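*Asks:* Here it is, the structure in full.
The values are calculated or read from the model by the stated rules, or taken from the named source; none is laboratory data. Predicted, not measured: the structure shown is a model, and the values here were computed from it. Please note: Cβ atoms are built from the backbone with ideal geometry, for glycine as well, and neighbour counts cover all protein chains shown.
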Amino acid sequence: MVTSTRTESTRTESTEPGLTGASRTQVTRIAVTPAGCRLSHGPLAARRLRTNDPRTIRVALVATQALLLSGDHVRIEIDVRGDLALEVLEVAGTVAYDMRGGSARWDAHVQLADGAQLTWLGEPFVVATGAEVLRSTTLVLERNTSATLRESLVFGRSGEAGGSLFVSTRATYAGQPLLVEDLDLSPAARVGPAVLGSNRCLDSLTRLGDRLPEQPGTLQLAGPGSIVRWIGSAMHESTIHPAAAASQG
């Protein structure tokens, strides 16, 4: 049982390569061990919520300012150790706004050890026209750990074509490469029939550390992991539902 929670605020100013305009690196950290839960936040506040299961820790990410703007570099660091289950909730979606020639980054780094489990079912990430974003996720899983992630990407607000997004995912399991994926979702690249075509939404459920059930449309990785994806014109039509995704854990 994790009973203690420590909360801090953190903000780091720096200049980042690959970002156009002044860079603001701001870090949100969630660290969970049997001894306690430590939370520190920048523009995303990490708030612990009540649960009835002593093994489960539930943390909500709450934006405290407009995100994402030109020059923003949001970094989320998650470290879970022990036979514990962390659930990360986003209380609202995120909009990457018109950056007027600038760019922004959104990075997540996850480490799981000693039987830990992570469920992070993200809310829609909307890339407005004029936005240019690099979004990366790095996961380091020890043996007997698992992660379930949902990533919902929407290109353009109502009446918009949407901006540019590059998505990078790297995962290792027990010290071995498990998933290496780069998605170029710039306007010119994503309109191809092998990517989104005329659609504007891409919804993904990724399971690492073990596999989702065999079913049509599910990609089974060479190692313990699975990916299922849906593309369409409106995110509310997605066949990937949060309750079903969570039950796969």
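*Asks:* In region 229-249, what residues are modelled with pLDDT of 95 or more and either surrounded by 15 or more Cβ atoms within 10 Å (Cβ to Cβ) or aliphatic (A, V, I, L, M) (or both)?
*Replies:* R229, W230, I231, G232, A234, M235, S238
*Asks:* Given the conditions (1) surrounded by fewer than 22 Cβ atoms within 10 Å (Cβ to Cβ); (2) in a strand (DSSP E or B); (3) not aromatic (F, W, Y), and given that P54 satisfies all but one, which numbered condition is not satisfied?
*Replies:* The number of the failed condition is (2).
*Asks:* Give the number of residues within region 134-156 that are free of Cβ contacts under 8 Å to residues at least 40 places away in the same chain, touching a Leu at 6+ places or on another chain (Cβ under 9 Å) and part of a strand (DSSP E or B).
*Replies:* The number of residues fulfilling the criteria is 3.
*Asks:* When you go through (1) modelled with pLDDT of 95 or more; (2) touching a helix residue (DSSP H, G or I) at 6+ places or on another chain (Cβ under 7 Å) one by one for A161, which number turns out not to apply?
*Replies:* All conditions pass for A161, except number (1).
*Asks:* Among the acidic types (D, E) and either under 16 Å from S186 (Cα atoms) or over 11 Å from the mean Cα position of the chain (by Cα) (or both): does that describe E77?
*Replies:* Numbers: among the acidic types (D, E): yes; either under 16 Å from S186 (Cα atoms) or over 11 Å from the mean Cα position of the chain (by Cα) (or both): no.
So E77 fails the test.
*Asks:* Looking at region 107-121, which of the residues that are crowded, with 20+ Cβ neighbours inside 10 Å and of a type outside the set (F, W, Y) is farthest from S146 (Cα to Cα)? Explain how you work it out, then say what you get.
*Replies:* Our first condition is that a residue be crowded, with 20+ Cβ neighbours inside 10 Å; within region 107-121, this holds for 108, 110, 112, 116-121.
So of that shortlist, the ones also of a type outside the set (F, W, Y) come out as 108, 110, 112, 116-119, 121.
Values: A108: 16, V110: 11, L112: 8, A116: 7, Q117: 5, L118: 6, T119: 9, L121: 14 Å.
Within region 107-121, the match that is farthest from S146 (Cα to Cα) is A108.
*Asks:* Also, I was wondering about something else. Does region 166-179 include one or more residues that are free of Cβ contacts under 8 Å to residues at least 40 places away in the same chain, under 26 Å from H109 (Cβ atoms) and buried (at least 20 other Cβ atoms within 10 Å of the Cβ)?
*Replies:* Yes, region 166-179 contains at least one residue that is free of Cβ contacts under 8 Å to residues at least 40 places away in the same chain, under 26 Å from H109 (Cβ atoms) and buried (at least 20 other Cβ atoms within 10 Å of the Cβ).
*Asks:* Restricting the search to region 168-220, which residues are basic (K, R) and either touching a helix residue (DSSP H, G or I) at 6+ places or on another chain (Cβ under 9 Å) or within 30 Å of T129 (Cβ to Cβ) (or both)? Explain how you work it out, then say what you get.
*Replies:* As a first pass, look at region 168-220 and keep what is basic (K, R): 170, 190, 200, 207, 211.
Selection gives R170, R190, R200, R207.
*Asks:* Return the pair list, or none, for Cβ contacts closer than 9 Å from residues in region 29-52 that are more than 21 Å from L67 (Cβ to Cβ) and of a type in the set (S, T, N, Q) to residues that are assigned to a strand (DSSP E or B) and at pLDDT 95 or above, at least 6 apart or on different chains.
*Replies:* The qualifying pairs are T33/D79; T33/V80; T33/R81; T51/I57; T51/R58; T51/E87.
*Asks:* Which of the residues spanning region 199-214 are more than 15 Å from S146 (Cβ to Cβ), assigned to a loop (DSSP other than H, G, I, E, B) and touching a residue at least 12 places away in the same chain (Cβ under 8 Å)?
*Replies:* The initial filter retains those residues of region 199-214 that are more than 15 Å from S146 (Cβ to Cβ), namely 199-204, 214.
Still in the list and also assigned to a loop (DSSP other than H, G, I, E, B): 199-200, 214.
Within region 199-214, N199, R200 qualify.
*Asks:* (1) modelled with pLDDT of 95 or more; (2) closer than 30 Å to A161 by Cβ: which one isn't true of A46, the others all being true?
*Replies:* (2)
Residues checked against (1) in a strand (DSSP E or B); (2) on the phi > 0 side of the Ramachandran plot; (3) over 18 Å from the mean Cα position of the chain (by Cα):
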residue: V88; (1), (2), (3): yes, no, no
residue: M99; (1), (2), (3): no, no, yes
residue: G115; (1), (2), (3): no, yes, yes
residue: S158; (1), (2), (3): no, no, yes
residue: P177; (1), (2), (3): yes, no, yes
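*Asks:* Do we find a residue being surrounded by fewer than 19 Cβ atoms within 10 Å (Cβ to Cβ), assigned to a loop (DSSP other than H, G, I, E, B), aliphatic (A, V, I, L, M) and modelled with pLDDT under 95 anywhere in region 18-33?
*Replies:* Initial filter on region 18-33 (surrounded by fewer than 19 Cβ atoms within 10 Å (Cβ to Cβ)): 18, 20-22, 29, 31, 33.
Cutting the leftovers down to assigned to a loop (DSSP other than H, G, I, E, B) gives us 18, 20-22.
Subsequent filtering for residues that are aliphatic (A, V, I, L, M) retains 22.
With the extra rule that they be modelled with pLDDT under 95, the set shrinks to 22.
Yes; the residues of region 18-33 include at least one that is surrounded by fewer than 19 Cβ atoms within 10 Å (Cβ to Cβ), assigned to a loop (DSSP other than H, G, I, E, B), aliphatic (A, V, I, L, M) and modelled with pLDDT under 95.
*Asks:* Please work out if A222 is touching a strand residue (DSSP E or B) at 6+ places or on another chain (Cβ under 9 Å), surrounded by fewer than 16 Cβ atoms within 10 Å (Cβ to Cβ), part of a loop (DSSP other than H, G, I, E, B) and modelled with pLDDT of 95 or more. Walk me through how you get there before you give the answer.
*Replies:* Values: touching a strand residue (DSSP E or B) at 6+ places or on another chain (Cβ under 9 Å): yes; surrounded by fewer than 16 Cβ atoms within 10 Å (Cβ to Cβ): yes; part of a loop (DSSP other than H, G, I, E, B): yes; modelled with pLDDT of 95 or more: yes.
In short, yes.
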